[in-house]
1. Would a scan of the range 521-543 turn up a residue that is closer than 29 Å to VAL422 by Cα, over 60 Å from the mean Cα position of the chain (by Cα) and assigned to a loop (DSSP other than H, G, I, E, B)?
2. Residue check, PRO330 against (1) touching a Phe, Trp or Tyr at 6+ places or on another chain (Cβ under 9 Å); (2) under 30 Å from ALA27 (Cβ atoms), all met but one. Which one?
3. Mind telling me which of the residues LEU516, LEU512, LEU486, LEU499 ends up being at pLDDT 70 or above, out of contact with any strand residue (DSSP E or B) (no Cβ under 6 Å at 6 or more places or on another chain) and under 17 Å from ILE451 (Cα atoms)?
4. Applying the selection to the range 428-483, what residues are among the aliphatic types (A, V, I, L, M), touching a helix residue (DSSP H, G or I) at 6+ places or on another chain (Cβ under 7 Å) and at pLDDT below 80?
5. Limited to the range 181-219, what total is found for residues that are among the basic types (Lys, Arg) and not in a helix (DSSP H, G or I)?
6. Any residue at all in the range 64-86 that is in contact with a Ser or Thr (Cβ under 9 Å, 6 or more places away or on another chain), of a type in the set (Lys, Arg) and surrounded by 13 or more Cβ atoms within 10 Å (Cβ to Cβ)?
7. Residue check: is SER260 crowded, with 20+ Cβ neighbours inside 10 Å, within 24 Å of GLU65 (Cβ to Cβ) and touching a strand residue (DSSP E or B) at 6+ places or on another chain (Cβ under 8 Å)?
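The values are calculated or read from the model by the stated rules, or taken from the named source; none is laboratory data. Quantities reported herein were computed from a predicted structural model and do not represent experimental measurements. Ideal geometry is used to build each Cβ from the backbone, glycine not excepted, and the neighbour counts take in all protein chains shown.
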Amino acid sequence: LGDPRSNQHPGLLTFGIIFYRWHNVIASRVQQKNPDMSDEEIFQRARRIVVGTIQNIIMYEYLPELLGQSVPDYTGYKADLHPGISHIFQSAAFRFGHTMIPPGIYRRDNKCNYRKTRTNKMAIRLCASWWDSDQILSNSTVEELIMGMSSQLAEKEDNLLNNDIRNNLFGPMEFSRRDLGALNIMRGRDNGLPDYNTARVHFKLPRRNTWNEINPEFFNKNPELLRTLMEIYSNNLDNIDVYVGGMLESTDGNPGQLFSAVIREQFIRLRDADRFWFENSDNGIFSKSEIEEIRRVRLWDVIMNTTEIDDDGIQKNVFIWKEGDPCPQPEQLKGEMLDSCTPLRKYDYFEGSELVYIYACVFLAFFPIICAGIGYGLVKLQNRRRRRLKIVQEAIKKQNNDNKNNNNNQRGVVGSKGQICVDKMIVREWLHANHKRLVKVKFGPESALHIVNRKGENLRTFDFNGINVIAVEESQESEDGKALLLLRIPRDYDLVLELDSLSSRAKFIAKLETFLTCHKKHLSIVQINRDIMIAKAETKERRQRKLEQFFREAYALTFGLRPGERKRRRSDQSDEGEVVTVMRTSLSKSEFASALGMRPDAVFVKKMFNIVDKDGDGRISFQ
């Protein structure tokens, strides 16, 4: 019927079907009266009438019977009134009806024949039919259930709940039975309801100063319950839950003062704050005659128009059964007279999934490692392909250069004495005291030294064209066994290499000397103290500071200083010395590109550098 809760128990589903049929009855009447209406218009009109019928039945038929007092007349729509459901209403007061729920549901026919269950019990057990309403209705009729409920008396309106909802209320799969009384108390606390006395004061009711004032007649008959209540709440009236206090007030078959005030206020507010209330003639939904027609409809009329029950099959006031009404119930139902409740069941979500759970945990544990391995493999594969591509590109470039220079097309260049002019060696480059990196030094094939990282990317290139003697400094023996080697490159920062041993350094020097000899260059080796070598080495950082000084002084010499700006001068240099330094400083293409914030292979950098580099030595200077 659109709401899954309508299947909660047979009585609720029966009323859902009744009003579903009532909608069809109204729709048929609307169509007969207005044959030109479309299906949608008929549906909407019937829907409004059904809603108005339900509003009328609840407000003017059911509520007065529940509270034992009349409802004030409707005075019109109040736009400034809030229609929302209050927490104390939905979490405490309107749960008063739970005390009237019987443990079973009678079924009978028009001749007062009460139908028994398959197990020869008097009625359907409530706690054994949770969420099985469709199966019960397939073996019963709506008429049987309606007539049975119209003759059946509710439980006494007091502080007690029957066992079917006290210990056998439906629950979740993992714990299928719950306690409705405990749930009501817990829900009130979860919603932050005030204590019993605070709630009474809010609804203009006097505070209770003693425990007996809550319900004197009831506590005089049940002194043991009063002592238990005082013990649970530490003899403090301000600790009583509003649901517990409100239920204990119940007398004479009606809610007590607090719950009556809450329920009455809520329903009046719902009515007066509803712009679409059926009695509001200003909204244009119903005319005055239609409003009066809806006001005359009772629940008995709805039942008569939607079922095959005889007119004298049930009493006119279906909410009350009194002497002389049709078919009195055989006796007040008790749990012992009915079928046993469905026992507590638990559902273990883990049962039967042990192996799957273990495999899932193992997979999840190794999944990051597998992903990391795959990622590492892909990176390595990509780097390998990149290196191979670079090798192919370099080979093609070399071949083109060799063809232009009429050299042989072999991969290596062979000198006049047969020495191979292409070689490589893995070493560690010393950048500064806290940073070293593993690099590959590639010799040739041209007259240059290439520093390459592990990915095959070129970090630095030392071009020996125009240089006949290459100065090399090697450190003296040290305690850690590490051997340092420094290559001084004119007009560029030095290359400082750290080798694992003296033999490794000797091997590197031999490779370098062979390479230089192949290109008819000479090697000059000088031994020096390790600390002095490091102190005098022109590293990249020191070179960068010198370039910054170069650009600053070059700007000042070219454009002059800005107004108010003072020239920064090093303490160890005069103005003339600074000018000489600036004039003698030269930049490589990579340093020039870095100063411009561009890549060395950018077209603009290449063209601009070539314009300035008039002598074609691969360096530019202020001169």
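1. Yes: the range 521-543 contains one or more residues that are closer than 29 Å to VAL422 by Cα, over 60 Å from the mean Cα position of the chain (by Cα) and assigned to a loop (DSSP other than H, G, I, E, B).
2. (2)
3. Unique residue meeting the criteria: LEU512.
4. LEU431
5. Number of matching residues: 3.
6. Within the range 64-86, not a single residue is in contact with a Ser or Thr (Cβ under 9 Å, 6 or more places away or on another chain), of a type in the set (Lys, Arg) and surrounded by 13 or more Cβ atoms within 10 Å (Cβ to Cβ).
7. yes
Yes/no matrix, rows are residues, columns are (1) part of a helix (DSSP H, G or I); (2) of a type outside the set (S, T, N, Q); (3) within 46 Å of the chain's Cα centre (by Cα); (4) assigned by the TED database to the domain that holds LEU161:
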| residue | (1), (2), (3), (4) |
| --- | --- |
| ILE263 | yes, yes, yes, yes |
| PHE267 | yes, yes, yes, yes |
| TRP277 | no, yes, yes, yes |
| ILE285 | no, yes, yes, yes |
| GLU292 | yes, yes, no, yes |
